[in-house]
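These notes concern the structure reproduced below.
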Amino acid sequence: MKVIIRTEKYSDIHQIAEINALAFKNSNPLNEVILVDSLRHRKEFDPELSLVAEVNGEVIGHILFF
């Protein structure tokens with residue numbers, strides 16, 4: 001299994017939201033989805049610091065440094 005780490009693309013946003021919702025399913029998953037989206041729209045947002053892990057073209061992980 002080859003894992004590729006790369007910066008997020010606009011086309012990844014839906015998969016990232018799903019991953020974050022699953023990761024926080026035991027709390028309020030929508031809060032995390034909203035938080036990540038809100039951070040993307042701040043002027044301080046650096047797209048180089050929003051990374052995804054991809055396997056076979058599918059996003060399987062996400063991390064956002066702010």
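The values are calculated or read from the model by the stated rules, or taken from the named source; none is laboratory data. All values reported here derive from a predicted model rather than from experimental measurement. Here the Cβ positions follow ideal geometry from the backbone for every residue, glycine too, while neighbour counts run over all protein chains shown.
Things to note:
- Pick from the stretch 50-66, criterion part of a strand (DSSP E or B), under 11 Å from the mean Cα position of the chain (by Cα) and among the hydrophobic types (A, V, I, L, M, F, W, C), ranking: nearest to T7 (Cα to Cα): L51
- Considering residues of the stretch 20-49 that are loosely packed, with under 13 Cβ neighbours inside 10 Å and charged (D, E, K, R) only, the residue farthest from T7 (Cα to Cα): K25
- Within the stretch 27-49, the residues that satisfy the criterion of being among the acidic types (D, E) and in a loop (DSSP other than H, G, I, E, B) are E44, D46.
- Residue match in the stretch 16-26 (condition: among the charged types (D, E, K, R), assigned to a helix (DSSP H, G or I), out of contact with any strand residue (DSSP E or B) (no Cβ under 6 Å at 6 or more places or on another chain) and at pLDDT below 95): no
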